[in-house]
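> Structure below; questions to follow.
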Amino acid sequence: MRVLLLITFIIAFLGCTAEKESELASYNIPNGFQLEIVCQEPDIHAPVNLDFDERGRMWIVEMTSYMPNIEGSNEKSNTNKIKILEDTNGDGQMDLVKVFMDSLILPRSLLLAYGGLIYSEPPNLYHVEIIEDKPGKRTLIDSIYATDGNVEHLPSALTLNIDNWIYSSKCNTKYKRVDGKWIKKFTTPRGQWGLTNDNYGRLIYNNNGTLLQADRTIPNALFKNHYLKLEKNNGESVTKNQNVYPIQSTAVNRGYQEGVLNEEDLLINTTSACSPLYYRNKNVSEWDQATFVCLPEINAIKKLHIEHDGWSVSASFENGSEYLSSWDEGFRPVDLKQGPDGSIYIVDMHRGIIQHKAFMTSYLREKILNRKLDTIREMGRILKLSPNDKSTQNLKYDITKDPLTFLYHENAFLRDKAQQHIVQNDLDQHIGQLKKNISIHEDEVHLMHSLWTLQGLDALDEQTLLSALHKPSLHANFTSLYLLSQMDLAQTQTIKKFIHESIAKEEVAYDFLAISSLQEFNFFTSNEKENIYKMVLQRNSDNPFIKEAILANLQSLQELKGAEQYLDGNNQSQWIEDLSQVQDRIKRGEKVYYYDANISHTDNRTIGFNNYRTYCGPCHGVDGEGITDLAPSLIDSEYVSGSEDRLILLTLHGMSGPIHLAGKEYNFNGEMAGINNNDDLGDQEIQDILNFVRNAFASSPYSIEKDRIAELRSRQPAGGGSFTESSLDSLVQLLQ
């Protein structure tokens with residue numbers, strides 16, 4: 001009997017293995033690497049975000065209610081979950097799956113921190129305690145973390161940075177807990193979906209149309225002049241072009257537009273770049289200084305090589321092919337994480353539809369239905385990419401026993417978890433050794449983790465920072481100077497000497513370093529600051545990053561009066577223009593929006609989408625296909641894509657009688673009621689509806705003008721009532 005059971009088990013195991021290998025046959029995998037499915041449906045469905053706990057277990061967010069069908073119905077149903085995935089026997093497969101939380105509405109991201117789980121469920125951000133893998137006490141961190149808006153554009157990618165703050169993409173707020181209380185502060189908004197960081201704490205991100213963007217400094221280092229919108233040192237595009245290389249024609253939203261697809265019907269530039277991962281380990285040589293980007297629209301992942309030059313970050317990639325790609329149109333990578341073993345884990349939402357209904361064109365809708373992509377649903381995968389040489393292995397570790405050892409480990413996951421463990425548990429017994437380590441070490445990664453761990457323990461002192469200030473490390477110098485600028489200081493002459501020595505190097509990187517925190521040091525006189533700014537400005541007159549950093553530091557624009565005399569030509573005129581923009585904001589009392597208010601995520605396309613469903617969908621159908629004997633289809637209708645005046649007039653004043661579409665006559669039971677007298681719909685709301693309709697059902701450009709809607713409100717049909725086809729055409733011709 002035992003032999004029979006063993007044989008049965010072996011056959012089942014081999015069958016399962018063969019099935020997974022068959023599923024991976026559609027992938028182009030980089031040479032020297034292997035790809036494995038570590039978890040998949042039916043255990044998980046529509047995963048969108050992943051984090052690892054200190055035991056190496058996976059925690060995932062499932063967003064099953066996002067676009068479950070072509071209509072996007074029941075989006076706000078409470079069918080979404082957070083799950084724990086565990087490999088109990090060490091074979092690399094997640095064989096134990098637990099539901100941690102269910103009945104969630106559109107959860108987007110999670111982060112394991114402060115002894116529990118932080119997760120977003122719009123509009124709220126929560127922290128919940130974990131008690132024997134079950135949710136305990138729940139605390140509301142922020143009730144306006146992700147206010148109403150399109151699900152594609154709400155905050156996501158909760159990320160704990162080396163500076164001990166939690167950041168999110170598409171968000172201008174950051175969070176941390178101190179003495180049991182949650183603190184919220186403002187920061188610059190970054191990216192759309194996904195967030196990563198380098199070893200120095202600089203944030204890296206992207207948006208759908210840009211492969212990679214990066215900050216030049218640690219967050220908020222230049223967050224000073226509330227009337228200056230940072231555009232050079234934050235969010236700089238670090239890729240010269242946005243080319244992608246699909247292995248097959250895929251369904252993309254605006255493929256009908258010139259320049260979107262090439263002659264082989266392949267996408268030219270990215271339209272859904274997301275979730276970058278900066279690989280911070282040294283054990284995989286091919287991944288050293290690399291960032292990986294998800295390209296779900298072409299079923300691929302791109303690898304970019306990152307180069308650092310002072311404060312500059314640039315990225316290049318191999319032309320002609322993507323690092324990992326699949327012929328399976330259901331492969332939708334939406335999140336990447338480096339695991340405890342050093343492998344790259346890929347969150348594959350695995351579905352046919354990823355474009356939200358509010359932004360979907362009729363062109364894409366037709367492509368989805370023709371290719372039967374709407375049938376790829378109720379699936380999901382977690383995949384692992386690792387070297388064949390086993391340089392990434394499951395590690396045996398217990399951070400709690402000796403966290404300082406792991407704080408300097410070559411594995412970035414362990415470094416981050418060790419810092420998190422020390423800071424969030426207030427392990428002040430390590431303070432002495434941390435300070436000693438700063439004094440005896442010169443390695444940048446070593447110094448950065450030591451500095452920020454001490455900062456998290458509120459144990460930094462002036463002498464320790466001065467020690468780091470003189471290390472041969474540009475980023476440690478910058479961090480130390482920034483942290484010193486937040487303190488009351490005694491050794492002011494030492495700092496003065498350091499800044500003057502930095503400027504004396506006559507190098508751009510050190511000029512930037514010197515001016516970055518100059519304004520906070522009140523032991524410099526106004527004249528001294530002015531002379532330093534002017535000297536740096538003069539020899540960097542064509543450097544927009546230096547000029548913006550100077551503007552960011554100015555508390556009073558009089559501090560640099562006459563600075564334009566040090567510039568010439570275009571540099572002078574650009575400086576004057578930049579300065580005048582700040583001055584105009586000051587006069588109007590108009591701070592840049594992200595300094596002291598949450599970003600509103602409500603967008604006109606989503607408003608138009610929702611209002612269409614409320615006021616137009618009951619007759620024309622939520623999908624625009626019309627309802628027999630009630631209202632015609634709007635898809636590719638000449639009434640939608642044709643004259644703007646005609647579309648506005650019939651929407652405002654209604655229409656009755658037979659109509660002709662594509663040469664065919666239609667008669668409907670009843671007439672279309674106009675919305676001219678609907679008090680809930682102003683010109684803006686009607687504009688939003690019509691722009692949505694033109695985009696979603698006829699792939700027409702956004703061209704409906706609000707002023708034109710106001711003008712045509714009074715052009716009612718003669719004799720009252722609604723338009724007929726002939727009376728409408730007559731008025732449209734008259735208006736031309």
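> Here are Ile704, Ile675: which of them is among the aliphatic types (A, V, I, L, M), closer than 23 Å to Tyr363 by Cα and in a loop (DSSP other than H, G, I, E, B)?
Ile704
> Scanning region 108-118 for residues that are outside any strand (DSSP E or B) and at pLDDT 95 or above, which turns out surrounded by the most Cβ atoms within 10 Å (Cβ to Cβ)?
As a first pass, look at region 108-118 and keep what is outside any strand (DSSP E or B): 108-109, 114-115.
Within this subset, residues satisfying the condition of being at pLDDT 95 or above are 109, 114.
On the way: Ser109: 28, Tyr114: 20.
Ranking the qualifying residues of region 108-118, first place goes to Ser109.
> Specify the residue that is farthest from Glu444 (Cα to Cα); the eligible residues are those in region 274-286 that are modelled with pLDDT of 95 or more and out of contact with any helix residue (DSSP H, G or I) (no Cβ under 6 Å at 6 or more places or on another chain).
For region 274-286, the residue satisfying everything is Cys274.
> A further question on this structure: List every residue pair whose Cβ atoms sit under 8 Å apart, with the two residues 6 or more apart in sequence or on different chains, where the first one lies in region 355-377 and is over 17 Å from Val260 (Cα atoms) and of a type in the set (S, T, N, Q) and the second, anywhere, is in a helix (DSSP H, G or I) and at pLDDT 85 or above.
Listed by first residue and then by second, the contacts come to nothing, as the list is empty.
> Can you find a residue that is surrounded by fewer than 19 Cβ atoms within 10 Å (Cβ to Cβ), in the same structural domain as Val334 (by TED's automatic domain parsing), of a type in the set (Gly, Ala, Ser) and in a loop (DSSP other than H, G, I, E, B) anywhere in region 128-137?
No, the conditions are met nowhere in region 128-137.
> If you check Tyr227 against the conditions, is it out of contact with any Ser or Thr (no Cβ under 9 Å at 6 or more places or on another chain) and among the hydroxyl-bearing types (Ser, Thr, Tyr)?
Yes, satisfied.
> From the list Ile586, Ile607, Ile599, which one is within 20 Å of Asn234 (Cα to Cα) and not charged (D, E, K, R)?
Values: Ile586 fails: within 20 Å of Asn234 (Cα to Cα); Ile607 fails: within 20 Å of Asn234 (Cα to Cα).
Criteria check complete, one pass: Ile599.
> Pick out the one residue from Gly720, Gly663, Gly642, Gly654 that is over 23 Å from Ile627 (Cα atoms) and surrounded by fewer than 20 Cβ atoms within 10 Å (Cβ to Cβ). Please lay out each step first, then the result.
Values: Gly663 fails: over 23 Å from Ile627 (Cα atoms); Gly642 fails: over 23 Å from Ile627 (Cα atoms); Gly654 fails: over 23 Å from Ile627 (Cα atoms).
Checking each option against the conditions leaves just Gly720.
> Looking only at region 237-255, filter to residues that are crowded, with 20+ Cβ neighbours inside 10 Å and of a type outside the set (A, V, I, L, M); which one of those is farthest from Leu483 (Cα to Cα)?
Taking region 237-255 as the starting set, the residues that turn out to be crowded, with 20+ Cβ neighbours inside 10 Å are 238-239, 244, 246, 250-253.
So of that shortlist, the ones also of a type outside the set (A, V, I, L, M) come out as 239, 246, 250, 253.
Details: Thr239: 31, Pro246: 46, Thr250: 49, Asn253: 46 Å.
By that ranking, first place goes to Thr250.
> Here is a further query. In region 448-462, what residues are assigned to a helix (DSSP H, G or I) and surrounded by fewer than 23 Cβ atoms within 10 Å (Cβ to Cβ)? Spell out how you get there, then give the answer.
First, pick out the residues of region 448-462 that are assigned to a helix (DSSP H, G or I): 448-456, 462.
Once the filter is applied, which keeps residues that are assigned to a helix (DSSP H, G or I) and surrounded by fewer than 23 Cβ atoms within 10 Å (Cβ to Cβ), region 448-462 yields Trp452, Gln455, Gly456, Glu462.
> Looking only at residues in region 475-522 that are small (Gly, Ala, Ser), part of a loop (DSSP other than H, G, I, E, B) and farther than 16 Å from Asn233 by Cβ, which one is farthest from the chain's Cα centre (by Cα)?
In the first step, residues of region 475-522 are kept if they are small (Gly, Ala, Ser); the result is 476, 480, 485, 490, 502, 504, 509, 514, 516-517.
Narrowing the set further to residues that are part of a loop (DSSP other than H, G, I, E, B) leaves 485, 490, 517.
Okay, now just the ones that are also farther than 16 Å from Asn233 by Cβ, so 485, 490.
Numbers: Ser485: 30, Ala490: 42 Å.
Taking the candidates together, the pick is Ala490.
> Let me ask something additional. Given Ser726, Ser722, Ser714, which one is polar (S, T, N, Q) and in contact (Cβ under 8 Å) with a residue 40 or more places away in the chain?
Working: Ser726 fails: in contact (Cβ under 8 Å) with a residue 40 or more places away in the chain; Ser714 fails: in contact (Cβ under 8 Å) with a residue 40 or more places away in the chain.
Going through Ser726, Ser722, Ser714 in turn, just one is polar (S, T, N, Q) and in contact (Cβ under 8 Å) with a residue 40 or more places away in the chain: Ser722.
> Further question: Have a look at Asp102, Asp51 and point out the one that is out of contact with any Gly (no Cβ under 6 Å at 6 or more places or on another chain), acidic (Asp, Glu), closer than 30 Å to Asp179 by Cβ and not in a helix (DSSP H, G or I). Show your work before the answer.
On the way: Asp102 fails: closer than 30 Å to Asp179 by Cβ.
One residue alone meets the criteria, Asp51.
> Of the numbered conditions (1) part of a helix (DSSP H, G or I); (2) touching a helix residue (DSSP H, G or I) at 6+ places or on another chain (Cβ under 8 Å); (3) basic (Lys, Arg), Lys471 fails exactly one; give the number of that condition.
The failed condition is (1).
> So, restricting to helices (runs of 4 or more DSSP H) that lie completely within region 560-661, which ones have at least 2 residues that are among the polar types (S, T, N, Q) and in contact with a Pro (Cβ under 6 Å, 6 or more places away or on another chain)? Let's see the steps before the verdict.
Working: elements: 569-588, 604-615, 617-620, 638-641, 644-653.
Here the list is empty.
> Keeping to region 54-106, report how many residues are among the basic types (Lys, Arg) and either in contact with a strand residue (DSSP E or B) (Cβ under 6 Å, 6 or more places away or on another chain) or surrounded by 14 or more Cβ atoms within 10 Å (Cβ to Cβ) (or both).
4
> Restricting to region 156-190, name every residue that is within 22 Å of Ser600 (Cα to Cα), assigned to a loop (DSSP other than H, G, I, E, B) and in contact (Cβ under 8 Å) with a residue 60 or more places away in the chain.
The answer is Lys170, Cys171, Asn172, Thr187, Thr188, Pro189.
> Can you pull out every residue in region 605-626 that is at pLDDT below 75 and touching a helix residue (DSSP H, G or I) at 6+ places or on another chain (Cβ under 6 Å)?
Arg605, Val622 - these are the residues of region 605-626 that are at pLDDT below 75 and touching a helix residue (DSSP H, G or I) at 6+ places or on another chain (Cβ under 6 Å).
Conditions tested, residue by residue: (1) part of a loop (DSSP other than H, G, I, E, B); (2) not hydrophobic (A, V, I, L, M, F, W, C).
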residue: Ala251; (1), (2): yes, no
residue: Glu258; (1), (2): yes, yes
residue: Thr271; (1), (2): yes, yes
residue: Ser275; (1), (2): no, yes
residue: Thr291; (1), (2): no, yes
residue: Glu297; (1), (2): no, yes
residue: His305; (1), (2): no, yes
residue: Val313; (1), (2): no, no
residue: Glu322; (1), (2): yes, yes
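> Out of the residues in region 330-367 that are in a helix (DSSP H, G or I), crowded, with 21+ Cβ neighbours inside 10 Å and not hydroxyl-bearing (Ser, Thr, Tyr), state the one that is farthest from the chain's Cα centre (by Cα).
The residue in question is Arg365.
> Would you confirm whether any residue within region 711-726 is within 16 Å of Ser637 (Cβ to Cβ) and part of a strand (DSSP E or B)? Outline the logic, then answer.
Filtering region 711-726 for residues within 16 Å of Ser637 (Cβ to Cβ) gives 723, 725.
Narrowing further to those that are part of a strand (DSSP E or B): 723.
Checking region 711-726: at least one residue is within 16 Å of Ser637 (Cβ to Cβ) and part of a strand (DSSP E or B).
> Which condition breaks for Tyr595 when tested against (1) surrounded by 14 or more Cβ atoms within 10 Å (Cβ to Cβ); (2) more than 30 Å from Asp542 (Cα to Cα); (3) in contact (Cβ under 8 Å) with a residue 60 or more places away in the chain?
The single condition Tyr595 does not satisfy is (2).
> Looking at region 514-530, which of its residues are touching a Leu at 6+ places or on another chain (Cβ under 7 Å) and free of Cβ contacts under 8 Å to residues at least 60 places away in the same chain?
Residues satisfying the conditions are Phe524, Lys529, Glu530.
> Among the listed residues Ala146, Ala157, Ala214, Ala221, identify the single one that is more than 30 Å from Ile105 (Cα to Cα), out of contact with any helix residue (DSSP H, G or I) (no Cβ under 8 Å at 6 or more places or on another chain) and surrounded by 22 or more Cβ atoms within 10 Å (Cβ to Cβ).
Details: Ala146 fails: more than 30 Å from Ile105 (Cα to Cα); Ala157 fails: more than 30 Å from Ile105 (Cα to Cα); Ala221 fails: out of contact with any helix residue (DSSP H, G or I) (no Cβ under 8 Å at 6 or more places or on another chain).
Checking each option against the conditions leaves just Ala214.
> Between a residue in region 451-474 that is under 13 Å from Gln433 (Cα atoms) and any residue that is hydroxyl-bearing (Ser, Thr, Tyr), which pairs come within a Cβ distance under 7 Å, given they are 6 or more apart or on different chains?
Final answer for the pair search is Leu451/Thr479; Leu451/Ser480; Leu454/Thr464.
The values are calculated or read from the model by the stated rules, or taken from the named source; none is laboratory data. As the structure is a prediction and not an experimental result, all values here were calculated from the model. Every residue, glycine among them, receives a Cβ derived from its backbone with ideal geometry; neighbour counts consider all protein chains shown.
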